[in-house]
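A short worksheet on the structure shown next.
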Amino acid sequence: MSGELLTTGQAANLLGSSRQQVVNLCERGELSFVRVGAHRKVRREHVEALLRPKQALTRDQLKSLWLHQAVAGGLVADPDRVLGKAQENLDRLLRKHRGSMAEVWLRRWQDKINEGVGSVLRALTSEDPEAVELRQNSPFAGVLSQPQRRKVLESFKRSGWEAHLT
């Protein structure tokens with residue numbers, strides 16, 4: 001179940017590790033957690049993500065990440081403008097893509113926006129598989145001006161992005 005909270009013991013069982021190893025992952029920031037009273041709880045989806053080998057991003061996915069990182073810069077500088085533009089785009093895209101797989105991802109963006117700026121920032125800048133998929137259905141078109149977008153893409157080309165692909 002997505003969003004299900006597990007105890008560190010339950011997470012350890014899924015990972016085939018000790019409870020202390022799960023606590024160590026949490027303390028090192030490698031596994032996010034929330035506190036419920038005095039106890040750590042971890043999301044099942046985050047534990048399951050540790051079980052999947054991390055895939056290298058394709059060139060297009062990496063380019064999209066760079067563009068969305070630039071959007072993230074705008075989001076922290078002017079959240080009302082960026083989220084307003086995203087919401088306007090979402091409203092239009094949801095009408096256009098009713099009943100399609102795109103609608104599923106657009107609704108996930110809506111959930112991220114409803115959760116707040118932090119959730120949107122994580123989706124814009126993360127390399128996890130969900131974030132990669134979310135960025136393929138991005139409601140952030142028009143947030144970057146054409147000169148900003150062009151500058152990011154020029155920087156991407158100069159960055160030696162090929163070294164990031166394995």
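The values are calculated or read from the model by the stated rules, or taken from the named source; none is laboratory data. Please read all numbers here as calculations on a predicted model, not as lab measurements. Cβ atoms come from the backbone with ideal geometry, glycine included; neighbour counts cover every protein chain shown. Protein only, heavy atoms only, side chains kept; ligands, DNA and RNA dropped before computing areas. Shrake-Rupley method; radii C 1.70, N 1.55, O 1.52, S 1.80 Å.
Of all the criteria given as (1) in contact with a helix residue (DSSP H, G or I) (Cβ under 7 Å, 6 or more places away or on another chain); (2) loosely packed, with under 15 Cβ neighbours inside 10 Å; (3) of a type in the set (D, E, K, R), the one not satisfied by K112 is (2). Would you check if there is a residue in segment 10-28 being assigned to a helix (DSSP H, G or I), open to solvent by less than 70 Å² (accessible area, probe 1.4 Å) and either among the small types (G, A, S) or touching a residue at least 60 places away in the same chain (Cβ under 8 Å) (or both)? Checking segment 10-28: at least one residue is assigned to a helix (DSSP H, G or I), open to solvent by less than 70 Å² (accessible area, probe 1.4 Å) and either among the small types (G, A, S) or touching a residue at least 60 places away in the same chain (Cβ under 8 Å) (or both).
Determine whether segment 51-58 contains at least one residue that is more than 30 Å from R149 (Cβ to Cβ), in a helix (DSSP H, G or I) and without any contact (Cβ under 8 Å) to a residue 60 or more places away in the chain. Yes - at least one qualifying residue is present in segment 51-58. Condition check: open to solvent by 70 Å² or more (accessible area, probe 1.4 Å) and either free of Cβ contacts under 8 Å to residues at least 40 places away in the same chain or closer than 27 Å to E45 by Cβ (or both). Does R135 satisfy that? Spelling it out, it is not the case that R135 is open to solvent by 70 Å² or more (accessible area, probe 1.4 Å) and either free of Cβ contacts under 8 Å to residues at least 40 places away in the same chain or closer than 27 Å to E45 by Cβ (or both). For V42, the criteria (1) surrounded by fewer than 17 Cβ atoms within 10 Å (Cβ to Cβ); (2) part of a strand (DSSP E or B) hold in every case but one, which is (1).
Quick check, is A141 farther than 21 Å from T58 by Cβ and of a type in the set (A, V, I, L, M, F, W, C)?
no
Which residues, taken from segment 67-109, are open to solvent by less than 50 Å² (accessible area, probe 1.4 Å) and without any contact (Cβ under 8 Å) to a residue 12 or more places away in the chain? Selection gives G73, G84, S100, E103.
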